[in-house]
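What follows is a short report on a single structure.
The values are calculated or read from the model by the stated rules, or taken from the named source; none is laboratory data. Keep in mind it's a predicted model, so treat the numbers as computed, not measured. When we count neighbours, we look across all protein chains shown, and the Cβ atoms used for this are built from the backbone with ideal geometry, even at glycine.
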Amino acid sequence: MSHYARLYPFLKPYLPRMAAATIMTMAVAAFNLALLRLAGSLWDIITVHRDPQRMTDAIRLFIGLIALQGLFSMGHSYLTAWVSQRVVADFRMHLFAHLQRLSVSFFVKRRTGELLSRLMNDINLVQTVMTETPIDSAKQLVTFVGGTVFLFVMNWRLCLLILLLLPILVLVARLFGRRLKALSTSIQDQTASISTLVEEVLSGIRIVKSFVRTAHEERRFASQIQASLAISLRRAAVLAVFIPTISLLTFSVAAAVLWYGGLQVIEGMVTPGDLFAFVLFAGILIGPFSSAARVFAQVKEAQGSLQRIFEILDTEPDIGDQPDAVDLPLIAGHVRAERISFAYDTRAPVLTDVSFEAKPGERIALVGPTGAGKTTVINLLHRFYDPLEGRITIDGYDLRQVKLDSLYRQIALVPQETILFGGTILDNIRYGREDATEEEVLAASRAAHAHEFISTLPDGYRTVVGEKGVNLSGGQRQRVAIARAILKNPRILLLDEATSSLDSESERLVQDALERLMAGRTTFVVAHRLTTIQQADRILVLNKGRIIEEGTHASLMERRGFYHYLYTLRLQEQ
């Protein structure tokens with residue numbers, strides 16, 4: 001129940017409307033009871049008293065009550081749906097916002113399909129329990145209390161006979177509830193696995209087709225579907241026994257009531273109209289009992305979903321603002337790394353005792369074999385991670401002591417894997433500066449040598465790039481990403497193989513543009529291109545997580561060490 005208590009802040013803004021919906025649904029229940037009692041009286045008027053005037057008056061009242069019931073029913077239906085959709089929208093936005101605040105390390109360990117399942121499927125399961133169930137429970141409460149009072153006044157012996165059903169229903173619900181909760185949790189877990197598989201296959205559809213693995217992926221998907229089907233059928237089997245068992249119990253008691261009441265009518269102890277009304281009341285009381293069993297099952301099912309949702313919400317970001325963090329002022333770009341060490345897994349260090357310095361405006365190239373730690377240095381400079389030992393400072397400010405947003409606003413990252421978002425080319429270039437003018441966008445695009453190819457597209461800057469930029473070539477996507485970074489006008493630029501998708505001519509043009517437009521800004525470059533390395537002010541040579549050489553291209557070549565070996569090897573390759 002602690003999970004349900006945590007939902008209160010999301011319900012609080014809508015409590016007045018929920019209260020109005022609750023009052024309306026309780027009124028509907030009261031009108032239902034009044035209509036049932038009136039139906040019994042009307043039966044006696046027609047069959048026993050045979051009074052036309054009383055019959056006409058009773059029917060008029062009957063129609064009036066039906067009209068009022070309809071109005072209140074429309075009102076509560078709309079308000080319930082309005083509140084339900086609003087609460088779920090707020091809850092989903094809250095979860096999405098929390099995901100945005102989590103550190104990069106969280107997403108490295110989680111699969112996209114799993115997170116999508118939590119955000120969409122699990123919250124949908126919780127929706128009914130959050131809003132509709134409490135309001136419906138109020139209706140069932142009025143029905144149960146009012147119906148019991150009517151029954152007790154009319155015939156207390158028959159009333160007690162019906163109430164014997166309650167403990168039996170509770171016992172049956174408890175027996176089935178645990179099983180339903182476990183099966184529902186398994187279904188949601190399996191749904192997350194299916195979503196993950198679909199996301200992976202569709203994202204990598206080119207590789208799937210290229211390696212002729214469509215049949216393999218179909219078998220994988222079929223296997224997951226079969227597993228989900230098996231669990232769903234087990235749940236269906238439990239429900240198939242659960243619901244009829246409840247119905248059997250309730251209708252058995254209804255039959256007993258009809259038999260006992262029929263004997264009293266024959267003996268003249270009650271009128272036919274009273275028995276008619278009593279049977280109707282007995283029938284309507286089945287609703288609260290069945291509803292209680294259904295609500296119990298829904299609550300059990302939603303518990304698993306809530307547990308998974310709050311597991312994410314309870315996750316704290318590894319990287320965040322310290323309580324005493326300050327805004328990083330406009331920086332010059334003086335970067336120092338002081339004996340930093342880092343490992344994604346403590347059993348396998350990635351960086352060990354690394355120190356370096358970059359003065360404002362310097363271009364630093366990071367060179368080394370695969371797995372040397374180059375990209376990790378970029379991640380630490382951007383503060384996607386914190387070093388396990390040592391510290392990194394910018395203009396003397398320890399990165400741990402500044403607010404992340406104030407740091408990120410002054411850094412631009414162009415990663416090896418170009419990330420574009422669904423929308424137009426203009427939207428993607430403006431991603432870091434939504435208020436940029438058209439002239440500024442064009443200037444950044446020309447600087448990245450993207451304007452030339454954009455101008456040839458049918459819709460120009462309004463061209464939709466497609467999911468992950470699928471409508472553009474690799475080189476075009478990379479130039480759009482570079483234009484996005486240029487428009488941000490950062491103080492520090494991080495290029496992780498940023499020119500890897502460009503041909504030699506485009507790379508030369510982009511390098512020339514970056515040279516002119518990034519003057520006075522500190523730049524760190526992870527590159528394999530020889531031209532990029534040669535133009536660096538200083539080169540850091542990494543191997544096995546350590547800086548083993550440092551200097552200019554000329555000085556390192558004269559030393560004829562590890563850098564000379566790497567450079568010569570790449571020269572031969574290129």
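Look at the range 84-97: where a residue is assigned by TED's automatic domain parsing to the domain that holds PRO16 and a partner is part of a helix (DSSP H, G or I) and acidic (Asp, Glu), sitting 6+ places away or on another chain with Cβ atoms under 8 Å, you get SER84/GLU132. Restricting attention to the range 305-339, the residues that are among the basic types (Lys, Arg), at pLDDT 85 or above and not assigned by TED's automatic domain parsing to the domain that holds THR523 total 0.
Being β-branched (Val, Ile, Thr) and either under 15 Å from TYR431 (Cα atoms) or surrounded by 21 or more Cβ atoms within 10 Å (Cβ to Cβ) (or both) is the filter; apply it to the range 464-506 and report the residue that is modelled with the highest pLDDT. Show your work before the answer.
Initial filter on the range 464-506 (β-branched (Val, Ile, Thr)): 464-465, 470, 480, 482, 486, 492, 499.
Remaining after also requiring either under 15 Å from TYR431 (Cα atoms) or surrounded by 21 or more Cβ atoms within 10 Å (Cβ to Cβ) (or both): 464-465, 480, 482, 486, 492, 499.
On the way: VAL464: 84, VAL465: 81, VAL480: 85, ILE482: 83, ILE486: 84, ILE492: 91, THR499: 61.
Filtering the range 464-506 for residues that are β-branched (Val, Ile, Thr) and either under 15 Å from TYR431 (Cα atoms) or surrounded by 21 or more Cβ atoms within 10 Å (Cβ to Cβ) (or both), the one modelled with the highest pLDDT comes out as ILE492.
Go through the range 1-48 residue by residue and tally those that are more than 30 Å from GLY261 (Cβ to Cβ) and assigned to a helix (DSSP H, G or I). Before the answer, list the steps.
Step one: filter the range 1-48 for residues more than 30 Å from GLY261 (Cβ to Cβ), giving 1-24.
Of the ones still in play, those that are also assigned to a helix (DSSP H, G or I) are 2-5, 8-24.
The qualifying residues number 21.
Is the range 160-171 home to any residue that is assigned to a helix (DSSP H, G or I) and modelled with pLDDT of 75 or more?
Let us first name the residues in the range 160-171 that are assigned to a helix (DSSP H, G or I), namely 160-163, 165-171.
Those still in the list that are modelled with pLDDT of 75 or more too: 160.
Within the range 160-171, one or more residues are assigned to a helix (DSSP H, G or I) and modelled with pLDDT of 75 or more.
For the criterion of being of a type outside the set (A, V, I, L, M, F, W, C), in contact with a Pro (Cβ under 7 Å, 6 or more places away or on another chain) and either farther than 25 Å from LYS488 by Cα or not assigned by TED's automatic domain parsing to the domain that holds ASP395 (or both), GLY551 fails.
Residue under question is GLN69, and the condition is that it be in contact with a Phe, Trp or Tyr (Cβ under 9 Å, 6 or more places away or on another chain), assigned by TED's automatic domain parsing to the domain that holds GLY273 and under 30 Å from GLY273 (Cα atoms); does it hold?
On the way: in contact with a Phe, Trp or Tyr (Cβ under 9 Å, 6 or more places away or on another chain): yes; assigned by TED's automatic domain parsing to the domain that holds GLY273: yes; under 30 Å from GLY273 (Cα atoms): yes.
Yes: the conditions hold for GLN69.
Mind checking whether some residue in the range 542-563 is closer than 22 Å to PHE342 by Cβ and β-branched (Val, Ile, Thr)?
Yes, the range 542-563 contains a residue that is closer than 22 Å to PHE342 by Cβ and β-branched (Val, Ile, Thr).
Among the conditions (1) among the aliphatic types (A, V, I, L, M); (2) within 24 Å of THR185 (Cα to Cα); (3) surrounded by fewer than 15 Cβ atoms within 10 Å (Cβ to Cβ); (4) at pLDDT 85 or above, MET120 misses just one, which is (4).
Being touching a helix residue (DSSP H, G or I) at 6+ places or on another chain (Cβ under 9 Å), modelled with pLDDT under 70 and surrounded by fewer than 17 Cβ atoms within 10 Å (Cβ to Cβ) is true of GLY283.
Among the residues of the range 1-30, which ones are free of Cβ contacts under 8 Å to residues at least 60 places away in the same chain and either in contact with a strand residue (DSSP E or B) (Cβ under 7 Å, 6 or more places away or on another chain) or surrounded by 19 or more Cβ atoms within 10 Å (Cβ to Cβ) (or both)? Scanning the range 1-30 gives MET24, ALA27.
For the range 31-54, a residue qualifies if it is farther than 17 Å from THR271 by Cα and without any contact (Cβ under 8 Å) to a residue 40 or more places away in the chain, and the qualifying residues are ALA34, LEU35, PRO52, GLN53, ARG54. Listed by first and then second residue, the pairs linking a residue in the range 150-161 that is surrounded by fewer than 17 Cβ atoms within 10 Å (Cβ to Cβ) to a residue that is part of a helix (DSSP H, G or I), with Cβ atoms under 8 Å apart and 6 or more places separating them unless they lie on different chains, are PHE152/CYS159; ARG157/TYR260.
Suppose the filter is in contact with a helix residue (DSSP H, G or I) (Cβ under 6 Å, 6 or more places away or on another chain), modelled with pLDDT of 85 or more and either surrounded by 12 or more Cβ atoms within 10 Å (Cβ to Cβ) or farther than 26 Å from HIS382 by Cβ (or both); does GLY64 pass it?
Values: in contact with a helix residue (DSSP H, G or I) (Cβ under 6 Å, 6 or more places away or on another chain): no; modelled with pLDDT of 85 or more: yes; either surrounded by 12 or more Cβ atoms within 10 Å (Cβ to Cβ) or farther than 26 Å from HIS382 by Cβ (or both): yes.
Answer is no for this residue.
Looking only at strands (runs of 3 or more DSSP E) that lie completely in the range 349-444, which have at least 1 residues being surrounded by fewer than 16 Cβ atoms within 10 Å (Cβ to Cβ)?
Working: elements: 351-358, 363-367, 389-394, 411-414.
The strands (runs of 3 or more DSSP E) meeting that bar are 351-358, 389-394.
Please verify whether GLU200 is at pLDDT 80 or above, over 22 Å from SER184 (Cβ atoms) and assigned by TED's automatic domain parsing to the domain that holds ASP274, treating the condition exactly as stated. Let's see the steps before the verdict.
On the way: at pLDDT 80 or above: no; over 22 Å from SER184 (Cβ atoms): yes; assigned by TED's automatic domain parsing to the domain that holds ASP274: yes.
Judged against the criteria, GLU200 is not a match.
Per-residue answers, yes or no, for (1) at pLDDT 75 or above; (2) in the same structural domain as ILE194 (by TED's automatic domain parsing); (3) under 30 Å from TRP156 (Cα atoms):
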site: ILE231; (1), (2), (3): yes, yes, no
site: ILE243; (1), (2), (3): no, yes, yes
site: SER247; (1), (2), (3): no, yes, yes
site: PHE251; (1), (2), (3): no, yes, yes
site: MET269; (1), (2), (3): yes, yes, yes
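Only residues that are modelled with pLDDT of 85 or more and either surrounded by 15 or more Cβ atoms within 10 Å (Cβ to Cβ) or under 25 Å from ASN121 (Cβ atoms) (or both) were counted in the range 47-60, giving 0.
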